[in-house]
């Protein structure tokens with residue numbers, strides 16, 4: 001949402017600064033009556049450039065790591081805020097804004113007296129786009145530090161990834177201890193006491209078959 005707000009606001013600001021913002025008439029004693037108008041790029045020259053800066057900063061925030069993302073968010077807030085101030089000046093006094101630019105167009109030194117100055121909807125849209133871009137930049141500053149996107153992870157500090165892997169190494173080593181030390185059955189209880197061995201079952205003796213007594217030799221009939 002933050003990236004969409006920053007991109008949409010910057011695009012609206014840059015596009016809305018191109019058409020006519022103020023239209024009016026100039027009554028000059030020498031030059032006579034002239035119809036004058038001024039576009040956003042002439043009444044607020046920085047509006048178009050600041051809108052493009054916001055667009056570029058949003059792209060950088062979308063593909064970069066945490067530190068660069070926060071810097072891009074601050075740039076969006078600053079650029080869109082400056083554009084909003086320049087647009088607000090035109091909205092507050094369109095006649096004075098048009099008079100400062102029409103004088104040079106008519107070949108007159110200084111400001112020309114402008115009458116019947118009327119605003120078009122474009123400066124209002126440009127101010128709205130700048131306001132939305134400021135909100136998007138603020139959201140990037142507040143929430144951008146916790147984002148974990150795949151593209152931005154390539155620009156993170158390698159030390160942070162090394163620290164994370166080294167922190168997980170002791171746990172893996174403890175689970176794969178040699179000689180069966182990591183086997184929970186060969187270890188004692190969790191409080192350090194040895195687990196007593198199971199008692200052996202008595203072995204019953206196998207009965208042997210009884211042998212018949214040997215026959216004695218007979219002595220009858222011998223002389």
Lone qualifier among 101, 87 - being in contact with a helix residue (DSSP H, G or I) (Cβ under 7 Å, 6 or more places away or on another chain) and buried (at least 24 other Cβ atoms within 10 Å of the Cβ): 87
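Residue-wise test of (1) closer than 16 Å to residue 35 by Cβ; (2) at pLDDT 75 or above.
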residue: 89; (1), (2): no, yes
residue: 99; (1), (2): yes, yes
residue: 104; (1), (2): no, no
residue: 112; (1), (2): yes, no
residue: 127; (1), (2): no, yes
residue: 141; (1), (2): no, yes
residue: 153; (1), (2): no, no
residue: 160; (1), (2): no, no
Evaluation of residue 74 against (1) modelled with pLDDT of 85 or more; (2) farther than 17 Å from residue 144 by Cβ; (3) touching a helix residue (DSSP H, G or I) at 6+ places or on another chain (Cβ under 9 Å) (one fails), failing number: (2)
Residue list for the range 32-49, restricted to those being in a helix (DSSP H, G or I), out of contact with any strand residue (DSSP E or B) (no Cβ under 7 Å at 6 or more places or on another chain) and touching a residue at least 60 places away in the same chain (Cβ under 8 Å): 47
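The values are calculated or read from the model by the stated rules, or taken from the named source; none is laboratory data. Remember, it's a predicted structure, so these values are computed and weren't measured experimentally. FYI the Cβ positions are ideal-geometry reconstructions off the backbone, even for glycines, and counts take in every protein chain you see.
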